[in-house]
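Beneath this line is the structure, given in C-alpha cells, with notes to follow.
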Amino acid sequence: MTVRSSTQQHKPLPNCSAACPVHTDTRGYAEAVSEGDYERALELLLQANPFPSVCGRICHHPCEKECRRKEVDAPVNLRMLKRFVVENTKDYRRERRRRIEPFRGKKVAIIGSGPAGLTAAHDLALLGYHTVVFEQDSRLGGMLAHAIPRYRLPLHALNEDIDDILALGVEAKTGCRVGRDISLEEIRESHDAVVVAIGLSESVTLPIPGSTSEGVLPGITFLWDVANGHPPPLGERVLIIGGGNVAVDAARTARRLGVSRVFLACLESREEMPAWQWEIQEAQEEGIEILNSWGPKAILSRKGKVAGLELKHCTRVFDEKGRFNPQYDEARTMTLDVDQIVMTIGQRADLSCFNERELAMERGRLMCDPHTLSTSEPGVFACGEVMTGPGSAIQAIANGHQAARAVHHYLQTGERLVLPREEISHLGPLPQRVASLARPMPRKDAALSDPQERTRNFSEIESPFNEQQALEEARRCLACAMGAQLESSQACAGCLTCARVCPFGVATVERTAAMPAEECLACGLCAAECPAAGVALKRFGTNQMKKTLREMLASTHASHILRPFVIAYCCLYETTGRQYLQPQSREEIESSGILRVMVPCVGRLSSLDLVEPFELGADCVAVIACKEGACLYPGSEELLQRRVAHAQKFLEEIGLKWASLQYHRTQENAEASWPAIWKEVRRQIAPESGKEAFK
Amino acid sequence: MIVADQKPLHEVKEFVETHQKILVAGCGTCVTVCLSGGAAEARLLASGLRIAFQRAHHPKTIEDDTVLRQCDEEFVLPLLEKVKGEGFDAVITLACGVGVNFLADRLEAIPVFPGVNTTFYGAVMEPGLWAEMCSGCGECITHLTGGICPIARCSKRLFNGPCGGSEKGRCEVDPLNTPCVWQLIYDRMKELGRLHELRNIIPAKNWRPALDGGVRHTVRERIYRLEYKNR
C-alpha cells in the first residue's frame, strides 16, 4: 500500500536556502560566522548535511547563484564560509560526536557508500536503526573517494565527514562486493530494508571506429586508478572526450601526471559546456586546450594502439526542443595526434551486482520509482545517481535524506511513502531600487595556487579563508528577511518615522507601518527611532536590551566589578578575529570593568538602550561605532550620533556627567583600537583616580 | 494633531519626589506621532527616573504603560485598573493635557502629573518640525482668508493684516522661522483670483465658541446615550 503525504509548504525561505537541495540554513551560518560562533555555524551545517567538509570544497553552490547580494555586487562566498567553519571547528566536531545505540530493533543495509548512501545511513542511524553499509572498495566515499581528484577534495576532508557518520554507529563492510561476496538475497534475509545507492560507476564508451584500441581509457576508471595510486602510463599528448565536470577533472588530472599537451574535445560550445564555468576556467589556466564544437569521428590507431583522433565539426548539440540531438558538418574534420584518449561522455550504473531475479531492470537500468524511491522488491529502495541520473554531490545527499525517510516510513508502517512534493517559496530578487542604495562590498574569492605550481602535483589548490576574510565575507550577507517587523498593528500610530528614517526606502505607512521582509536590509534604524517602540528586529532586537544585559551580568558580583564599570556597545562588524566576539567570562568582566555587547551595527541602539545600562550599575556607556564611512547602512552614523547627543542631554538632566555616555569610532580594526578606546573611556569618566571614583 | 513637548526631567522628578510607586503612562496617538509621549518615551522617562532616584539613594518603583488613547474610557480602563490594582501612588502621563484631566478625573486620590507641555494643534512641516496651524477657536473663518488661519499663524492674531512688522514676507517676531501669514494670505488669494475680497474688512469675531463662552462640549445625538445601551 502506498500513502501520499500532503504537499509540504514552507514560509518563504531566503533564496540561498531555497536553492540548496538540502535547504541548509545558509543565512543562519553566515550570521553565526559573523558573530564568531563557528560552533553554532557547524551545528546548522550538520543539521542539513552530513558532508559539510566535502561540500565546503566541491559543492557547486547553487545557494550562491541565487544569493540576493548579487543585485548589489556579487553573491556572498557561501561555500568558502562553509569551508572556513569546518576547518575551524575540528576539535569541537570530534567532541560532539555521539554514538546512537540502535533502539528500533531493525536493521537496514545500504549498498554503496557514496554521498547518497552514507547520508541515508547517517539519517537511519540517527533514527535508531542498525545500519550497515556494504562497499566493494577498501575505502568509503564512492565517487568522492575515487573519482573526484584530490586537488579538489583531499582525502582528509572526506574522512572528516565519513568519520562523523561512522561515529554514530554505522557499520561499514568495506571490500565486500554485493553479487560476489554476498548476494542481495542474503542481505535481504538478514536486514529489514535495503537501500541501493551504487551510483553510476562505469563510463559509457563511444562505439566509433578504433574505440577498442589500446590507450582508450574509460574516464571513471582513469580517475579511480589515479586516485588509488595506480596511474596508467601516459604519453605526451592526451585527449579527453566530453564537456562535463568529469571530463574537466580527467583533463586536469592528466596534466598533473606530467602530460605536456592535454586536449579536451566536446560537442558543445564554450557556453553550452555542462561543466561548471569556474572549473573550465581553472582548467584553461592550467594549460588544458579546449576544442569546442568538435565530435569524435574515429580513433586512429597504429598496431592496435591509439595514434590520434579524427574529429568532425558539430554544428548543433540540441534541437529546437532542447533535446540532445547533435548535428555534424561531416565535411569539416580535423585530426589530432594523441597517445591516449579518455572517454568521459557519460556514466552508467554497474548493475552486475544484482541478477534479474533479485531486482527488476530495464534496458540496463534499475527499475525504480522516483516518487517513492522504491524498486520492484518491497523493502528495497534506491537513491543517489542510480535513481536520479547524473547529478551533483549535494543532490545525492538530498536524495539520501529522502531515502532514509522512505525507509523509516516503510519500517514503521509497512507502507510505501510517496515523497511529498516540495513547494519551496523564496523571497525573490532584491528589488533594484533597494539594491542600488545598499553599500557595495567586494566579494572575497578563494585564493588558488599558481597554475604552474599546482599542476605539479595533486595538492589542494585552494587556500581556505583566514579568520579575517571569513568575518568580512560573512558580514556581506544581507540577512534577508531578518530585519524589521511591526510587533502589532495596534502599537503603530502611523507616525511615518520609520518611513522617514529608512535609508533604503523600504518602510512605508498605510494606516500602519509595513517593512516588507523581502526588501528590508535589517539595519534596525526604524526600530531604534519608533516612538511607539513597536518595531521588532528578528536579528539582534534591541527592545529587550535590559534583559540581555542582565543575563550577561548574571554570573558577576556587582561589588567585584572594577570601577568605573563600562558597558561598551561595539560594532561587531569591525572585528577581525574571535577575540572580542566570544562571550566574556565572569572573571574577565569583573577584572576589566568592561562588559562588551557586540551589536551588528550600533546604529540600531535606541535612546533607551543607551540609558538603561545605568540602571544596572554601569558608570559609563561607551558606543564604539565602525570606522568613519565604513557603516553598511547609509544614514546610520548620523542618526546614531544624534541619538547619543539626545541621550547625553537626558542623562545630564538626571545628574550624570556628560562623559557618562561616550561615542567613539574604531580605528583600523577592533583588535587594534578597542583596548585604547576602553582605556580612554575609563580615563574620561574617572579623571581623578581612574579607578575608584564611582565605587 | 495635538503637539506637545516633554517637560524637563528635573521638573517631573520633583512632582513625584514623595511618592513610592509611580506609573509613567504613554499615549499612543498624537504625542506618539510628535515623538514626545509614546511608548518609547514612556520607557525612557521611567528608566531615567529610576536612575535619578537610585542615584539619590531613594530608589522607587517606576513602571511604564502606554495605551492607544488616553482620551477614551475604553482605552484608559486597563490603565486605571493597573494603577489602582497594583498600588501605584502617582501617575505621570505623557499624554496631552486632555489625558492628564481624563486620568485625574478617574483616579480620585491618586495624583496625576503632566510629563509634557501641550503646545498647539499643528502639522509636520518637514520631518522633525511641527508648526501651529489651528487654535481651536470654535468658529472657523478661513473661508475668508484662502484657507490660511490668521488666528493661529499671525503673531498678533490680526484679522485684517498685515501689520507694520511684516518685512519681506516674514514676521518681525521671529523672522527666521515664521512667515508673515498676511503675506501668505495675500499670495494665496491672488492665486485664487480673489484678491479683491481682501478689500472687505473682516468683522470682529464671535469668541464665544472659543474659550470665552465657558467650557465647551459637543454632543453627537446619533450615538449619545443610546437607550438600549442603558436599559
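What pairs come out if I take residues in region A:642-660 that are closer than 17 Å to A:GLU615 by Cα and pair them with residues that are acidic (Asp, Glu) and not in a helix (DSSP H, G or I) whose C-beta lies under 8 Å away, six or more apart or interchain?
That search, which allows pairs on different chains as well, returns A:SER660/A:ASP619.
Kindly list, by first and then second residue, each pair from a residue in region A:576-598 that is in contact (Cβ under 8 Å) with a residue 24 or more places away in the chain to a residue that is part of a loop (DSSP other than H, G, I, E, B) and among the aliphatic types (A, V, I, L, M), limited to pairs with Cβ atoms under 7 Å and residues at least 6 apart or on different chains.
From region A:576-598, the pairs are A:ILE589/A:ILE561; A:GLU590/A:ILE561; A:GLU590/A:LEU562; A:SER591/A:LEU562; A:SER592/A:LEU562; A:GLY593/A:ILE561; A:GLY593/A:LEU562; A:MET598/A:LEU581.
Scan region A:305-322 and tell me whether some residue there is of a type outside the set (S, T, N, Q), assigned to a loop (DSSP other than H, G, I, E, B) and in contact (Cβ under 8 Å) with a residue 40 or more places away in the chain.
Looking through region A:305-322, none of the residues is of a type outside the set (S, T, N, Q), assigned to a loop (DSSP other than H, G, I, E, B) and in contact (Cβ under 8 Å) with a residue 40 or more places away in the chain.
Search region B:79-96 for residues being in contact with a strand residue (DSSP E or B) (Cβ under 7 Å, 6 or more places away or on another chain) and without any contact (Cβ under 8 Å) to a residue 60 or more places away in the chain, and hand back the single one that is surrounded by the most Cβ atoms within 10 Å (Cβ to Cβ).
Here the answer is B:LEU79.
Within region B:104-117, which residues are without any contact (Cβ under 8 Å) to a residue 60 or more places away in the chain, in contact with a helix residue (DSSP H, G or I) (Cβ under 7 Å, 6 or more places away or on another chain) and not in a loop (DSSP other than H, G, I, E, B)?
Answer for region B:104-117, where residues must be without any contact (Cβ under 8 Å) to a residue 60 or more places away in the chain, in contact with a helix residue (DSSP H, G or I) (Cβ under 7 Å, 6 or more places away or on another chain) and not in a loop (DSSP other than H, G, I, E, B): B:ARG106, B:VAL112.
(1) surrounded by fewer than 19 Cβ atoms within 10 Å (Cβ to Cβ); (2) farther than 17 Å from A:MET545 by Cβ; (3) under 37 Å from the mean Cα position of the chain (by Cα): which one isn't true of A:GLN641, the others all being true?
(3)
Within region A:616-637, can one find any residue that is outside any helix (DSSP H, G or I), under 23 Å from A:ALA527 (Cβ atoms) and of a type in the set (Lys, Arg)?
No, region A:616-637 has no match at all.
Which of the residues spanning region A:484-529 are under 21 Å from A:VAL434 (Cα atoms), within 11 Å of chain B (Cβ to nearest Cβ), without any contact (Cβ under 8 Å) to a residue 40 or more places away in the chain and crowded, with 24+ Cβ neighbours inside 10 Å?
A:THR497
In region A:375-406, how many residues are among the small types (Gly, Ala, Ser), buried (at least 24 other Cβ atoms within 10 Å of the Cβ) and in a loop (DSSP other than H, G, I, E, B)?
1
State the number of residues belonging to region B:209-231 that are more than 19 Å from B:HIS143 (Cβ to Cβ) and surrounded by 10 or more Cβ atoms within 10 Å (Cβ to Cβ).
Counting residues in region B:209-231 that are more than 19 Å from B:HIS143 (Cβ to Cβ) and surrounded by 10 or more Cβ atoms within 10 Å (Cβ to Cβ) gives 4.
Filter region A:80-105 down to the residues that are over 15 Å from A:HIS122 (Cα atoms) and of a type in the set (Asp, Glu) and list them by number.
Within region A:80-105, A:GLU87, A:ASP91, A:GLU95 meet the criteria.
Can you pull out the residues in region A:323-356 that are in a loop (DSSP other than H, G, I, E, B) and either touching a strand residue (DSSP E or B) at 6+ places or on another chain (Cβ under 7 Å) or touching a residue at least 60 places away in the same chain (Cβ under 8 Å) (or both)?
Correct list: A:VAL338, A:ASP339, A:THR344, A:ILE345, A:GLY346, A:ALA349, A:ASP350, A:PHE354, A:ASN355.
Residues that are more than 30 Å from A:TYR92 (Cα to Cα) and modelled with pLDDT of 95 or more: list the strands (runs of 3 or more DSSP E) wholly contained in region A:154-230 that include at least 1 such residues.
In region A:154-230, A:193-196, A:216-218 are the strands (runs of 3 or more DSSP E) which contain 1 or more residues that are more than 30 Å from A:TYR92 (Cα to Cα) and modelled with pLDDT of 95 or more.
If you take the residues in region A:645-666 that are assigned to a loop (DSSP other than H, G, I, E, B) and modelled with pLDDT under 95, which one is surrounded by the most Cβ atoms within 10 Å (Cβ to Cβ)?
Restricting to residues being assigned to a loop (DSSP other than H, G, I, E, B) and modelled with pLDDT under 95, the top hit is A:LEU656.
Let's see how each residue does on (1) buried (at least 21 other Cβ atoms within 10 Å of the Cβ); (2) more than 14 Å from every other protein chain (Cβ to nearest Cβ); (3) under 22 Å from A:ALA479 (Cβ atoms):
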| position | (1), (2), (3) |
| --- | --- |
| A:SER559 | no, yes, no |
| A:THR575 | yes, yes, yes |
| A:LEU581 | no, yes, yes |
| A:MET598 | yes, yes, yes |
| A:LEU605 | yes, no, yes |
| A:ASP619 | yes, no, no |
| A:ALA622 | yes, yes, no |
| A:CYS626 | yes, yes, yes |
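The values are calculated or read from the model by the stated rules, or taken from the named source; none is laboratory data. All of these numbers come straight from a predicted model, not from anything done at the bench. With ideal geometry, Cβ positions are generated from the backbone for all residues, glycine too; neighbour counts draw on all protein chains shown.
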